[in-house]
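Structure record follows, encoded as structure tokens.
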Amino acid sequence: MEANLPRITIDTNVIVSALVFGGNSKAIIEKLIKSEFIAYTSPQLISELLEILLQKFNFSDEMTKKVEVQINSLFHIIYPAVEVNIARDRDDNRVLEVAEESESSIIVTGDKDLLSLKVYKNIIIMNPKTFLTFLNLND
């Protein structure tokens, strides 16, 4: 069954938004929990996520550890061998590397720089609202 599911790279900002604000980003994580798609991340993106939660949103060490455990159980962890240097922000390049290495068909992000690319190597880049529409159309 997993082979037929869409392969998706979810940017750190979507996970932060899901945890802190809810909304469309939270709905995406709920669909991931229901195994409606396969999600990919990397150790670098997980580190970025945990750092943001600790420093910008004052998550406790205990809460951050719980998030890390959940991420490790929900996401496939990729160790990209490819190196991408097309985005202005180095962290954005890490997202592109995961997407390329995992052969994702979609990157879900709220990052304006990544969204402005629209497509990277046949990988469609879309915001959370558009991704939810995509998933609902393919139910």
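Overview of values
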item	result
Elements of type helices (runs of 4 or more DSSP H) contained in region 83-139, each with 3 or more residues being acidic (Asp, Glu)	90-102
Residue within region 41-60 that is surrounded by fewer than 14 Cβ atoms within 10 Å (Cβ to Cβ), of a type in the set (S, T, N, Q) and either in contact (Cβ under 8 Å) with a residue 40 or more places away in the chain or in contact with a helix residue (DSSP H, G or I) (Cβ under 9 Å, 6 or more places away or on another chain) (or both) present	yes
Checking Lys56 against (1) under 19 Å from Ile106 (Cα atoms); (2) over 12 Å from the mean Cα position of the chain (by Cα), the condition it does not meet	(1)
Pair list, Cβ < 8 Å and 6+ apart or interchain, from region 2-13 residues that are crowded, with 24+ Cβ neighbours inside 10 Å to residues that are modelled with pLDDT under 95	Thr12/Asp91
Hits in region 85-116 (condition: surrounded by fewer than 18 Cβ atoms within 10 Å (Cβ to Cβ), under 16 Å from the mean Cα position of the chain (by Cα) and hydrophobic (A, V, I, L, M, F, W, C))	Leu115
Search result, residues across region 85-110 that are closer than 24 Å to Lys26 by Cα and of a type in the set (Lys, Arg)	Arg94
The one condition in (1) out of contact with any Leu (no Cβ under 9 Å at 6 or more places or on another chain); (2) at pLDDT 95 or above; (3) part of a loop (DSSP other than H, G, I, E, B) that Lys66 fails to fulfil	(3)
Failed condition for Tyr79, given (1) surrounded by fewer than 13 Cβ atoms within 10 Å (Cβ to Cβ); (2) closer than 24 Å to Lys34 by Cβ; (3) among the aromatic types (Phe, Trp, Tyr)	(2)
Options Leu19, Leu50: the member that is among the aliphatic types (A, V, I, L, M), more than 20 Å from Leu114 (Cβ to Cβ) and under 16 Å from the mean Cα position of the chain (by Cα)	Leu50
Selection status of Ser25, part of a loop (DSSP other than H, G, I, E, B), at pLDDT 95 or above and among the polar types (S, T, N, Q)	no
Pairs with Cβ under 6 Å, 6+ apart, first in region 74-95 and over 17 Å from Ile106 (Cα atoms), second of a type in the set (Val, Ile, Thr) and surrounded by 11 or more Cβ atoms within 10 Å (Cβ to Cβ)	none
Test: residue in region 22-44 that is of a type in the set (Ser, Thr, Tyr) and within 17 Å of Thr133 (Cα to Cα)	yes
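Table: residues versus (1) out of contact with any Asp or Glu (no Cβ under 8 Å at 6 or more places or on another chain); (2) modelled with pLDDT of 95 or more; (3) of a type in the set (A, V, I, L, M).
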residue: Leu32; (1), (2), (3): yes, yes, yes
residue: Glu48; (1), (2), (3): no, yes, no
residue: Glu51; (1), (2), (3): yes, yes, no
residue: Thr109; (1), (2), (3): no, yes, no
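The values are calculated or read from the model by the stated rules, or taken from the named source; none is laboratory data. The structure presented is a predicted model; accordingly, all values stated were derived computationally and were not measured. For neighbour counting, all protein chains shown are included, and Cβ atoms are generated from backbone atoms with ideal geometry for every residue, glycine included.
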